[in-house]
1. Quick check: the distance between the Cα centres of the range A:188-238 and the range B:1-46, to the nearest angstrom?
2. Could you tell me the calculated FRET efficiency between B:K222 and B:L119, based on Cβ-Cβ distance and R0 = 51 angstrom, to the nearest 0.05?
3. Give me the distance in nm between label points sitting 7 Å out from Cα along the Cα-to-Cβ direction at A:L34 and B:S72, one decimal.
4. If I histogram all Cα-Cα distances within the range A:2-261 using bins 5 Å wide from 0, what percent of pairs lands in each bin?
5. When the expected Rg is taken as 2.2 N^0.38 Å, what fraction or multiple of it is the alpha-carbon Rg of chain B?
6. Dipole of the protein assembly as shown (Lys/Arg Cβ +1, Asp/Glu Cβ -1, origin at the Cα centre): which of B:G39, B:N127, B:L238 lies farthest to the positive side?
7. Modelling each spin label as a point 7 Å along the Cα-to-Cβ direction, I'd like the B:N2/B:S16 distance in nm, to one decimal.
8. Hey, how much of the P(r) for the range A:92-228 falls beyond 19 Å, as a percent of Cα pairs?
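Only the coordinates and a few stated rules stand behind these numbers; no lab work does. Keep in mind the model is a prediction, meaning the values are calculated, not measured. Note that each Cβ is placed from the backbone with ideal geometry, even for glycine, and that neighbours are counted across all protein chains shown.
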Amino acid sequence: MKLKVAKTYLRVWLKLTSQQFQSQVANARGAALLFIFGKLFRLGTAFLMLYVIMGRAKLIVGYTMPQAILILALFNFVSNIAQLFMRGIYMFRQKVVDGTFDFYLLNPLSELFYSLFSATDPMDTLLIFPYLGLVVWAWINSGFPLIFSSVLFVLIVVVIAFVLIMSWHIIILSVGIKYLEVDNTIMLYRDLEKMAAMPIEIYGKTGSAILTYLFPFAIVATIPARLIFGLYNPWFLLGFAALAILYLKLSLFIWSRALLSYSSASS
Amino acid sequence: MNILEVKDLKKTFKKSEIIKGLSFDLHEGEILGILGPNGAGKTTTLQMLLGILTPTSGEINIFGQDLRTHKSQILEHMNFSSTYVDLPWRLTVKENLIWSAYLYNIPDRRKRLNQIKDLFRLEKQWNQPVASLSAGQKTMVNLARSMINFPRILLLDEPTASLDPEVASYIREFFVDQRNTYNKSIILTSHNMAEVESLCDRVIILKDGLIVGNDTPSVLAKKIEFSRLRLRVTKNPLELDKLVAHHQLSISVNENISTITIKEQLLPLFLYELTKKNVHYSEISIDKPTLEDYFMKIAKGENT
């Protein structure tokens, strides 16, 4: 029974994604190219900044250039996976206003599934490969071996990070229902998330602690990097997994409270 | 057997209580009408039954399962047609229905789509975008979509609004046939009282978020004691006036037709007395109380 339900969700997601892709290819080819260019340009400027900093100091809070690049590449890789699946969040306010969200609520599939994953952006898929290549390149050049156990730990971290990012996205959607406001909340989230693109040690002890335990964006890049560098006990991942589950439960609670105040586009 | 049970349902928006504790049920194979003046809470109630709105408190059990915890499973066997939920307007009629078939995991999609196309006479509009359709055509597409998953319960909000009389009649017959043949349960809201009276086995009347009437249309209509007697008087009209005054009845005259509001029990005696007083008339009609009369009385805030 559960397999049948999972198959339905998968089929609907594939259909939605293929429609999204067809629509982009047919209607917005130029915009899609600009989008990819913009993303690569942003990554380039981040590298330029790192290069400039590293030109003045050989180490950045104890990390070498390839190690800092690895953190930046990991950040972009994980963040890109999340955006690939949850790009639809940017259109959520419009969906609440024009009644599409009512349509989500009426369907036999979860409204949360629709709200999060109904606009998977295939353009983000194209960026996964350069980011992944960069991760591998920086890993090899950081002087730490690319071994199975480390890769496995990093994959586990990516899954935990995805659950955390999804929880934050659910909270953003809840704000969208409650206050019909998504853009500023996303900007706030993106700014906080962006702090994790650099080694979190640059924010000092308090900043690091906040980014590790309160808003654990460190899980996106610094923590997997530390695992690779042997600076982190893999058992701590259990703590992060528990934190991710806690965040997910909290976000689902906030979502259910937001739905309670939802008054439908037609009301 | 109850297929849907609502217990003490309440909905509050920003401290304003819209639904104040509704309890009702729907039997298998029953057509239930929900009526009420504007702002009574009909749409809010339907939206809670559909899962669009989350109740502030109370219970909705459908097929013996709690809607809060089994929403997806329940919605697989329910469907709706409403003017307040737009279809994806850029898609064609065919694409809209294919999409619905996907969502409800319909096994033989092509066969089902062809059935639906024929049932709802959508051949001509099949490849047109929904945005280009008239209001009546959109209603037909909405109705077609609502039948795609062979629902056990159908929620219909103004199902024949914007349809021409012939198509509206076809749709009414279609739903009665669905009930008779497949034992489907239907909840219907409409401002067309004649439609509700002819279709519904039972009617719930809402006012200010509360149920003020719950019975068959005929029983509700009988709660109105007065009938309307219409006469075109041709001889002795003064005698009629005297008789009306004697029984303390109300009368209005329009284009030589006298309309007298009279209790049903008094009618035979009144007609006998008219004959005795030699009042002649060339036309006579008696309008028995209807659901509309009952509804009007509720809407005006009079006690029944």
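1. 50 Å
2. Between B:K222 and B:L119 the formula returns 0.90.
3. Here the answer is 3.8 nm between the modelled labels.
4. Result returned by the calculation: 1, 6, 12, 16, 18, 17, 13, 9, 6, 2, 1, 0.
5. Details: Rg = 23.8 Å, N = 304, 2.2 N^0.38 = 19.3 Å.
That ratio works out to 1.23.
6. Working it through, the farthest residue towards the positive pole turns out to be B:N127.
7. Using points 7 Å along Cα→Cβ, the separation is 3.1 nm.
8. I get 62 percent for the Cα pairs in the range A:92-228 exceeding 19 Å.
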